[in-house]
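The values are calculated or read from the model by the stated rules, or taken from the named source; none is laboratory data. Remember, predicted model here, so these are calculated numbers, not experimental data. Every residue, glycine as well, gets a Cβ built from its backbone with ideal geometry; the counts of neighbours run over all protein chains shown.
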């Protein structure tokens with residue numbers, strides 16, 4: 001597809017959230033928020049989106065960075081994926097998110113793309129969504145009516161459609177300190193620089209008897225939005241995780257997803273790969289639990 005130059009637009013550099021909200025309110029549908037710009041600017045060059053006002057959030061202090069306390073971590077919405085990739089804390093303790101950051105796009109894109117932008121784009125194959133879902137992440141949103149939070153999975157309304165209002169801004173993501181371990185696996189046609197054909201995130205914590213007391217499985221690129229595989233989770237809960245049980249959970253996950261056939265993969269292939277990757281993710285998670293880290 002021929003990509004043209006950017007169309008003309010008015011450029012705004014607010015220094016506070018309140019100022020950005022006022023600009024959104026004033027310009028309505030003619031305004032777009034600019035974070036990393038990796039999706040928006042390309043859409044503008046293709047004329048798929050032609051806003052007359054761009055509001056740059058990067059000029060607002062405090063929307064980027066990773067901070068930790070006893071309760072968990074807070075990730076600013078404008079934190080680049082590359083910063084998540086480099087974080088030793090994320091890689092060790094919040095490993096599904098670290099796995100996803102390592103396989104998303106290219107190093108150049110990861111330097112620009114932000115975690116908030118990846119979520120708000122609401123693309124079914126977005127890499128950040130499944131790991132954040134299994135880690136019970138909460139999205140913090142500021143609008144003209146005040147602040148609110150919601151689970152990451154509640155942010156998605158459909159393909160490329162999120163539940164944010166026209167004057168809502170995602171400011172940060174909080175993740176509670178996990179008791180268990182997890183994994184994110186991504187199936188791609190190429191070894192890198194590609195969208196997920198299937199994405200599977202798994203999280204498991206074990207009680208003193210080595211029984212699953214918490215299990216979460218999230219799937220990407222196999223439904224109109226990223227989804228939790230709740231039936232597959234139920235297969236494992238309150239049981240000891242074995243290879244046979246992981247295989248059973250994989251079959252259930254393959255049955256409960258809703259993939260499509262497109263130019264990249266067929267529906268049947270995606271279902272089969274959900275089954276395979278769910279089993280693999282669960283067993284790799286168990287291995288990390290046994291080793292106490294991300295080996």
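Filtering segment 97-119 to residues that are in contact (Cβ under 8 Å) with a residue 60 or more places away in the chain and within 10 Å of the chain's Cα centre (by Cα) leaves 97, 100, 116, 117. Out of 232, 240, one residue alone is more than 18 Å from the chain's Cα centre (by Cα) and crowded, with 23+ Cβ neighbours inside 10 Å. It is 232. One residue alone among 144, 164, 132, 97 is touching a helix residue (DSSP H, G or I) at 6+ places or on another chain (Cβ under 6 Å) and under 22 Å from residue 25 (Cβ atoms), and that residue is 144. Report yes if some residue within segment 183-191 is surrounded by 18 or more Cβ atoms within 10 Å (Cβ to Cβ) and either outside any strand (DSSP E or B) or over 21 Å from the mean Cα position of the chain (by Cα) (or both); otherwise report no. No, segment 183-191 contains no residue that is surrounded by 18 or more Cβ atoms within 10 Å (Cβ to Cβ) and either outside any strand (DSSP E or B) or over 21 Å from the mean Cα position of the chain (by Cα) (or both). Residue count for segment 271-295 under the criterion of being assigned to a helix (DSSP H, G or I) and in contact with a helix residue (DSSP H, G or I) (Cβ under 9 Å, 6 or more places away or on another chain): the result is 16. Number of residues in segment 256-270 that are buried (at least 16 other Cβ atoms within 10 Å of the Cβ) and not in a loop (DSSP other than H, G, I, E, B): the value is 2.
Residues to consider are 55, 75, 84; find the one that is surrounded by 21 or more Cβ atoms within 10 Å (Cβ to Cβ), more than 16 Å from the chain's Cα centre (by Cα) and at pLDDT 95 or above. None of the others qualify; the one that does is 55. Among the residues of segment 213-229, those identified as within 15 Å of the chain's Cα centre (by Cα) and within 19 Å of residue 100 (Cβ to Cβ) are 216, 217, 218, 219, 220, 221, 222, 223, 225, 226, 227, 228.
The set of residues in segment 226-244 being touching a strand residue (DSSP E or B) at 6+ places or on another chain (Cβ under 9 Å), within 20 Å of residue 287 (Cβ to Cβ) and part of a helix (DSSP H, G or I) consists of 232, 233, 235, 236. Residue-level analysis places residue 201 outside the set of residues that are at pLDDT below 95, touching a strand residue (DSSP E or B) at 6+ places or on another chain (Cβ under 7 Å) and either within 23 Å of residue 34 (Cβ to Cβ) or not assigned by TED's automatic domain parsing to the domain that holds residue 41 (or both). Counting only strands (runs of 3 or more DSSP E) that sit wholly inside segment 95-177, those with at least 2 residues that are exposed (fewer than 15 other Cβ atoms within 10 Å of the Cβ) are 146-151, 156-158.
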